[in-house]
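These notes concern the structure reproduced below.
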Ligand code: 5CA
Ligand code: ZN
């Protein structure tokens with residue numbers, strides 16, 4: 001699959017320092033990436049299930065991982081980035097059936113819209129953008145290996161993963177067993193299915209069901225016990241990440257609703273199949289964006305869509321600023337006031353950098369770097385830019401007051417400052433002024 005065009009990331013003087021991020025597995029802040037300076041930082045971020053358009057929750061999540069990559073690039077790490085598209089799964093097939101659309105067409109058109117939204121928001125694209133369907137041979141290979149290791153078994157033709165084949169199972173999300181069982185049931189799992197060895201065991205390969213697409217796994221896989229069918233969800237991401245990044249990646253990312261079961265299961269599957277640990281050095285989860293008291297979700301339909309705002313003429317940079325005004329890990333509710341405030345901020349920033357000269361900006365880069373390195377404190381980073389803009393506006397106001405009083409003293413300015421500020425907002429915050 002192809003991704004979307006990459007925005008330019010300007011170079012900044014010097015380098016940012018290591019970025020401390022909240023690691024769900026470590027339950028605290030850790031320095032990232034684990035890669036040595038100058039080495040590529042490897043990141044896998046879970047992609048969309050393309051059955052509806054990009055909403056503010058998705059945008060907020062992909063923005064968080066865009067900012068991490070900008071900070072890593074600024075710290076001198078090349079970034080190796082992989083993202084998937086869950087282009088075959090229950091919700092997509094259900095939506096296609098409900099609306100009478102072809103499921104392949106639905107996935108293609110929503111993925112195309114997602115690319116447009118990501119491009120407009122200036123989100124860095126992955127180097128490998130990989131669909132579940134095109135990854136079926138990779139999935140089959142892992143399922144066969146798990147069967148060979150005795151870590152998978154058959155239930156009426158479906159193949160399940162034995163979660164306790166991984167001694168580290170549970171160490172990503174740190175839920176107790178009752179919480180795991182409830183959450184598993186709420187997020188696509190089937191804890192009550194008869195015939196499973198453990199209620200938490202998850203589906204690796206689902207045998208063909210009437211009216212649903214299925215794939216022939218090949219002779220060797222058939223001999224190992226796979227029937228024609230389709231991949232389970234968690235193994236899709238484990239297979240794509242292992243193929244394109246390998247074990248010990250620097251970061252596995254997604255929204256907080258993916259910590260369990262998705263990232264827990266994917267990590268265990270990869271760890272059992274390779275016999276190595278860890279799958280990822282850091283697990284980073286963004287907060288959930290809601291609307292009217294509920295998590296924004298395609299299944300509930302309570303959506304504010306990026307494309308709808310764009311088509312209504314909203315500047316994507318204002319959308320980006322509206323999201324940046326919230327810390328990535330908090331859960332928050334989208335309101336129209338967020339966008340209105342971001343539009344005002346964008347206009348003020350643009351006016352301040354559009355002058356031929358500006359008040360000194362030499363300390364702003366260090367301030368923004370320091371705030372971003374502290375678990376992506378974007379509200380703090382915006383405040384640092386706001387501070388410069390306010391000084392610039394005050395100097396302008398003082399100048400015009402002086403001019404009307406015919407006084408000679410004018411605020412100290414230099415011609416480099418506006419460009420310095422626009423390069424910082426562009427490189428570190430992705431906001432083009
Ligand atoms: N295809 C899987 C991941 S492999 C999936 O979860 N797709 S998704 O379309 O449902 O979500 C895509 C990403 O957006 C996930 O990281 C998810 O955690 C995040 N996300 C979904 N809803 C919200 C929300 N309301 N707020 C913040 N992030 C969200
Ligand atoms: Zn995933």
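Quick note: the coordinates plus some simple rules give every number you see, no bench work behind them. Here the structure is a predicted model, which is why all the values come from computation and not from measurement. Positions of Cβ are backbone-derived with ideal geometry, glycine not excepted, and every protein chain shown enters the neighbour counts.
The table for this structure:
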| read-out | value |
| --- | --- |
| Cβ-based exposure ranking for 135, 214, in which fewest neighbours within 10 Å come first | 214, 135 |
| Relative contact order (%) - criterion: Cα under 8 Å, at least six apart; region: the stretch 330-433 | 37 |
| Fewest-first sequence of 8, 110, 393 by Cβ atoms within 10 Å of each Cβ | 8, 393, 110 |
| Where Rh is the Kirkwood radius over Cα pairs, Rg/Rh for the stretch 1-148 | 1.02 |
| Anisotropy class of the stretch 99-143 from Cα gyration tensor, a/c 1.5 cut | oblate |
| Protection proxy ranking of 422-430, 119-127, 98-106 - average other beta-carbon atoms within 10 Å, highest first | 422-430, 119-127, 98-106 |
| Scaled radius of gyration (Cα, divided by 2.2 N^0.38 Å) that the stretch 188-326 gives | 1.34 |
| For peptides 343-355, 236-248, sequence by mean Cβ density within 10 Å, most packed first | 236-248, 343-355 |
| Binned Cα-Cα distances of the stretch 121-169, short to long, each 5 Å bin given as a whole percent | 5, 16, 18, 18, 14, 11, 8, 6, 4, 0 |
| Share antiparallel - DSSP beta bridges, the chain, percent rounded to 5 | 50 |
| Paired Rg and Dmax values of the chain, which use every Cα atom, in angstrom | 24.0, 92 |
| Contact order normalised by residue count of the chain, Cα under 8 Å, 6+ apart, percent | 21 |
| Expected 222 nm ellipticity per residue - DSSP helices of 4 or more, -39500 (n - 2.57), all of the chain, to 500 | -13500 deg cm²/dmol |
| Whether the stretch 1-70 is rounded, prolate or oblate, judged on the alpha carbon gyration tensor where a/c under 1.5 counts as rounded | oblate |
| Rounded to 5, percent antiparallel among DSSP beta bridges of the stretch 174-294 | 50 |
| Packing rank of 75-87, 49-61, where each peptide gets the mean count of other beta carbons within 10 Å, highest leading | 49-61, 75-87 |
